[in-house]
Amino acid sequence: MNSRQQTVLALGALLLATACTSAPDHRTAAPARPTPAEEPAESPAPPLAVHTLTSAEVQFGWWNWAAASPADRSPVLDRSGRWCAQRQPEDIWYLAGTTGGEAVERTCTVPVGLPVLFPLVTRTGEAADCTTFMDRAMGSAVLDGVPLAVEPLGATRIKLSGVAGNAFGDFAAHGNNTWSCGLWVRMDPLAPGSHELTVRGAASDPAVTVGVDYHLLAAVPTPTGSV
């Protein structure tokens, strides 16, 4: 065998060896199917920018919350704070006044991170009713010894509806276009811990006095959303 034949045979053997080592091994297990990504957990709604709410948003939101519970679970008629969490939205925390009479004392837990909104004194009726009412409305709110800013909101058109037997009667239950006005307080989220809030309001047409002493605990909500 000459040297040329030896070279050809050696090259053929090399190519055969390369082909054998590069051929796919059909006995190798197929790669595992990728695991689908887990669905992201739902995030709670971000808190409202309470200081940017319009008069209509403030008054529509609070009135429809206050009328959304029957009398036996009404935050407005509540004398202890037992029902202060009743039907609260996810992005703001409302506090209730009263329908008049002697001051009441309530203990209430408020979620950390939510702004707080409440009236000192408020009413619904005709636009003309609000003019007289606002001329004689007065009130104050004090948080941990510090007076809070009080904001007058004049006659504003809102749609009011509630459940049967709510604190405001058939007018709210049947759903009505009405005018709302009053003195209001918007609060940034409370710092964690205990707080004392004193709410006082009064008007003479109609004659009404509102008083609530709130013992508030600002706490982190549990995973279920309750506090």
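Between the amide H of Val210 and those of Gly201, Ala202, distances stay under 5 Å, these residues lying 5 or more places away or on another chain, with hydrogens modeled in the peptide plane. Working from label points 7 Å from Cα in the Cα-to-Cβ sense, the Asp205 to Leu217 distance is 4.5 nm. Scalar couplings 3J(HN,Hα) for the range 171-186, obtained by applying the Karplus form with A = 6.51, B = -1.76, C = 1.60 to θ = phi - 60°, are 4, 6, 5, 8, x, 8, 7, 8, 10, 10, 7, x, 9, 10, 10, 10 Hz; x denotes Gly and Pro.
So, in Å, what gap is there between the alpha-carbon centers of the range 46-114 and the range 134-185? With the range 46-114 and the range 134-185 each reduced to a Cα centre, they are spaced 11 Å. Length gained on full extension, Ala128 to Asp91: 10.1 nm, using 0.36 nm per residue less the C-alpha separation. In this structure, the amide hydrogen of Thr109, modeled 1.01 Å from its nitrogen in the peptide plane, lies closer than 5 angstrom to those of Leu217, counting only residues at least 5 positions away or on a different chain.
Here, each number is a calculation from the coordinates, and none is a lab measurement. Here the structure is a predicted model, which is why all the values come from computation and not from measurement. A quick note on method: Cβ atoms are made from the backbone with ideal geometry, for glycine too, and the neighbour counts reach across all protein chains shown.
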